[in-house]
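Here is the structure we will look at.
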Amino acid sequence: MQLTELKEKFTEIYGADGEPNIYRAPGRVNLIGEHTDYNDGLVLPIAIDLTTRALVRRNPKETIRLYSIDLEEGGRIPLGGGISSKKSGCWTDYIGGIIFSLDKEKRNALSGLDILLHSEVPIGSGLSSSAALEMAVASALNTEFELGLEPLELIRLCQNAENEFVGANTGIMDQYVSYFGRENTALLIDTARTSHRYVNLDLASHELLVIDTTVSHTHEGNKYNQRREECEDALNLLKKTDKLVHLSSLSDLSPEDLGYVNSTLPEILANRTRHVVEENQRVKRAAALLAEGKIGKAGELFFASHRSLRDLYEVSCPELDFLVNFARKQGIPGARMTGGGFGGSTIHIVPEGDSDTYLKEAGEAYLAEFGIEAEGFFVSPSNGLKEFTS
Ligand code: ADP
Ligand code: MG
């Protein structure tokens, strides 16, 4: 949607009373390093060239009014008389959560605001429309009300909103890369230290293609949170042994420790642990290979990551497996599920020139297998909030 159209919509909803200010934040794709961020491990995401925009204007009421063009739905968050900790169970919780997570003094600095939201990031596809929404709104609040939040505070605020308020126990990656992302670059994030290194990507005439399965199996119990708990259980059991009493996270284990892990933990927890340890290794190697344009070898790590997520971490599903197997059969360098799993998206490294045909054929094969239309998006490593000048 063009900016002029968005501004017209803003006037239509909130009236003509001055120009809104515009804030935006991108979605992301994680190249490799899945389910490692909440284990103090490594991840390698890129910010993508799809953003969520928040058009905002102060209002004289003690209310934050919201409207999402994507969901064609409004909402309001009253500010006076104490902010409610009550969740509404709908999308406005992402914003209610941000406000509720602010400390009292900053909360008191807020006053009425009209917010119009529009997302280019497909919603619920694993490209983190949720973080894009949070970061766009949080940066709007930070600037409009001069809250003085530093980048990491902003990032943690949004993560906290998602964890505590919405109830999705996600790690810090999504918000972090939405802020720090940079063109042609991936972010090697060390989540234990909350620090990153930029990795210049040499894709050697390849494109990054995301194919969304358009299915979600997350209703089958909250398996994401269950995996998190399993990792905590594994860590606690390992720490009870003399050898690993000082272990602070599963990511502190090395591949050499895995024999001991296998002999100590129940099979499922040992498998989860092995995934985390080996995935961290893959992230390090993939970052080095992608910087050197060694796409074939990096792609092999993508396939290996997928196998591990499927067999050891058990977060894949038939639809994701089908698309990754399709990639294998077509002989492209690499593909894997990306995001939390149980549906959502896959990422494929496809040679330039073949990519449109590849997407078409993958879509046809997927439709024939499942009777569902997949959706494809070519993505390129793009700037995050920090790099935006307008
Ligand atoms: P993902 O982050 O991969 O897109 P999530 O399930 O984490 O998937 O987040 C999607 C949810 O975030 C939506 O169901 C909705 O509640 C909220 N959301 C994201 N973008 C918007 C938007 N533009 N307008 C309203 N709600 C949104
Ligand atoms: Mg999300």
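The values are calculated or read from the model by the stated rules, or taken from the named source; none is laboratory data. Quick caveat, the model's predicted, so the values are computed rather than measured. Backbone-built Cβ (ideal geometry, glycine too); neighbour counts: all protein chains shown. With ligands, DNA and RNA removed, areas are computed over all heavy atoms of the protein, side chains included. Shrake-Rupley method; radii C 1.70, N 1.55, O 1.52, S 1.80 Å.
What the table below lists for this structure:
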quantity: Members of segment 126-143 found to be more than 15 Å from residue 91 (Cβ to Cβ) and either near ligand 1 (Cβ under 6 Å from one of its atoms) or among the acidic types (Asp, Glu) (or both), listed by number; calculated: 126, 127
quantity: Scope segment 146-155; condition crowded, with 18+ Cβ neighbours inside 10 Å and away from ligand 2 (no atom under 16 Å from the Cβ); matching residues; calculated: 147, 149, 154
quantity: Residue in segment 193-210 that is within 30 Å of residue 362 (Cα to Cα), surrounded by fewer than 19 Cβ atoms within 10 Å (Cβ to Cβ) and within 16 Å of ligand 2 (Cβ to nearest atom) present; calculated: no
quantity: Single residue of 62, 120, 72, 105 found to be at positive phi and either more than 16 Å from ligand 2 (Cβ to nearest atom) or over 13 Å from the mean Cα position of the chain (by Cα) (or both); calculated: 72
quantity: The listed residue being within 14 Å of ligand 1 (Cβ to nearest atom), among the acidic types (Asp, Glu), at pLDDT 95 or above and farther than 19 Å from residue 38 by Cβ, out of 150, 146, 120; calculated: 120
quantity: Segment 27-43, residues that are of a type in the set (Gly, Ala, Ser) and within 13 Å of ligand 1 (Cβ to nearest atom); calculated: 27
quantity: Inter-residue pairs, beta-carbon under 6 Å, first closer than 24 Å to residue 218 by Cα and open to solvent by 10 Å² or more (accessible area, probe 1.4 Å) and in segment 118-143, second within 11 Å of ligand 2 (Cβ to nearest atom) and hydroxyl-bearing (Ser, Thr, Tyr), 6+ apart; calculated: 119/129; 123/129; 133/94
quantity: Residue, most open to solvent (accessible area, probe 1.4 Å), within segment 225-250, restricted to residues that are touching a Ser or Thr at 6+ places or on another chain (Cβ under 7 Å) and within 20 Å of residue 280 (Cα to Cα); calculated: 235
quantity: Hits in segment 269-284 (condition: among the charged types (D, E, K, R) and closer than 21 Å to residue 380 by Cα); calculated: 284
quantity: Every residue from segment 165-189 that is away from ligand 1 (no atom under 15 Å from the Cβ) and either assigned to a helix (DSSP H, G or I) or open to solvent by 30 Å² or more (accessible area, probe 1.4 Å) (or both); calculated: 179, 180, 182, 183, 184
quantity: Selection from segment 318-355 of residues that are closer than 21 Å to residue 369 by Cα, open to solvent by 10 Å² or more (accessible area, probe 1.4 Å), modelled with pLDDT of 95 or more and not basic (Lys, Arg); calculated: 318, 319, 321, 322, 325, 326, 330, 331, 332
quantity: Criterion (open to solvent by 30 Å² or more (accessible area, probe 1.4 Å), more than 14 Å from ligand 1 (Cβ to nearest atom) and in contact (Cβ under 8 Å) with a residue 40 or more places away in the chain) met by exactly one of 24, 53, 107, 58; calculated: 58
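Results for (1) more than 30 Å from residue 307 (Cβ to Cβ); (2) at pLDDT below 95, shown as yes or no for each residue.
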site	(1), (2)
2	yes, yes
10	yes, no
18	yes, yes
21	yes, no
24	yes, no
40	no, no
77	yes, yes
86	yes, yes
